[in-house]
Amino acid sequence: MEQARAWIQSASTVVALTGAGISAESGIPTFRGAGGLWRSFRPEELATPEAFARDPKLVWEWYLWRRGLIARAEPNPGHYALARLEQRAPRFLLVTQNVDGLHERAGSRAVLKLHGDIWEVRCTGCGAEQRDERLSFDRMPPRCTCGGLLRPAVVWFGELLPARVWQEAERAVAEAELLLVVGTSALVYPAASLVPLAKRSGARVIEVNLEPTPYSEWLDCSLRGKAGELLPRLIS
Ligand code: NAD
Ligand code: ZN
């Protein structure tokens, strides 16, 4: 713990990579942990282009349920600690797999959203993207003014990440002196490949997770515990 604190304090270029685990203490279920089920569907059956093509109304009902949870949730001490780190580190970027917007609500500004934003929609017809914070729609599934179906502007299983976003994440990680990996199972690719990229590029890597991950053993430091408890101690 003391060593990790010192590394964080002295690094001039820091990247934090976060996953669903950092929002778990805000009451937002992870996909793989308990609570990830909705009406007995697994997220892998809903967060896919095939599921949306088959039953867009069902997929939207799930997203509206998640929007409701997120709207009622508050950032937790883990989100706030990362917002403080951004103020202190000479160069800092937060790369998140989360779509909930809690990092921004906690005050983080340099946020790269790998998997999009649950509060944005994209038209499957004309491609237009816009912010949309509605918790219900008059007509389901919702449609664009052009008549096309609207979808959540998030990256689903089996879809590619936007090229520019991914390039920016790779560049930042390759240049980082320190990578702080928080609440991610390191199972979802390509996001998980940022961890070995950091090691290959000579960065120190610190992990904060409730459980061991495939990378835990060969990282510089793997801290087992809740992000909302450990991050405020790491970043005072
Ligand atoms: P994930 O693969 O990132 O796994 C969650 C990880 O968090 C697990 O390793 C678990 O051990 C850890 N964890 C759980 N509670 C924790 C805590 N309090 N402190 C520290 N670590 C904790 O996430 P997933 O749920 O498998 O999701 C897969 C994809 O869906 C990712 O893109 C994910 O970010 C996204 N997703 C986003 C949200 C969100 O925006 N809040 C919620 C669910 C899923
Ligand atoms: Zn349209």
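Reported to the nearest whole Å, the Cα centre-to-centre distance from segment 34-73 to segment 189-209 is 29.
Entry comment: accessible area of segment 113-191 is 52 Å² per residue, from protein heavy atoms only and a probe of 1.4 Å. Given an 8 Å cut-off on Cα distances and at least 6 residues of separation, report the relative contact order of segment 107-236 as a percent. Reported as a whole number, the value is 18 percent.
Taking a sphere under 9 Å around the Cβ of Q130 and counting the other residues whose Cβ falls inside, with K and R at +1 and D and E at -1, yields a net charge of -1. Mean sequence separation of contacting Cα pairs (under 8 Å, at least six apart), scaled by the length of segment 60-124, corresponds to a relative contact order of 32 percent. Between C126 and E175, the C-beta separation translates, for a Förster distance of 30 Å, into a calculated FRET efficiency of about 0.25. When both segment 110-159 and segment 89-105 are represented by their alpha-carbon centers, they are found 20 Å apart. Annotation note: trypsin sites (Lys or Arg not before Pro) in segment 31-136 located in DSSP loop regions with a Cβ neighbour count of at most 11 within 10 Å are R39, R109, R134.
Under the combined filter of DSSP loop state and at most 16 neighbouring Cβ atoms within 10 Å, segment 126-187 retains these GluC sites (Glu not before Pro): E133, E159.
Taking a Cβ cut-off of under 15 Å around L46, the surrounding Lys, Arg, Asp and Glu residues balance to a net charge of +2, with basic ones at +1 and acidic ones at -1. For the pair W65 and S136 in one chain, pulling the backbone fully straight at 0.36 nm per residue adds 24.6 nm over the alpha carbon distance.
When you restrict to C-alpha pairs under 8 Å that are six or more residues apart and normalise by the size of segment 110-180, the relative contact order lands at 36 percent. Comparing mean-square fluctuations of L82, L112, L37 from a GNM of the chain with C-alpha springs under 10 Å, the top value falls on L37.
In the chain, the longest principal axis of the Cα atoms and the axis of helix 56-72 are about 50 degrees apart.
Taking a Cβ cut-off of under 12 Å around W7, the surrounding Lys, Arg, Asp and Glu residues balance to a net charge of -1, with basic ones at +1 and acidic ones at -1.
The values are calculated or read from the model by the stated rules, or taken from the named source; none is laboratory data. From a predicted model like this one, the values you see are computed outputs, not experimental measurements. Neighbour counts are summed over all protein chains in view; Cβ atoms, including those assigned to glycine, are modelled from backbone coordinates with ideal geometry. For accessibility, only protein heavy atoms count, side chains too; no ligands or nucleic acids. Shrake-Rupley method; radii C 1.70, N 1.55, O 1.52, S 1.80 Å.
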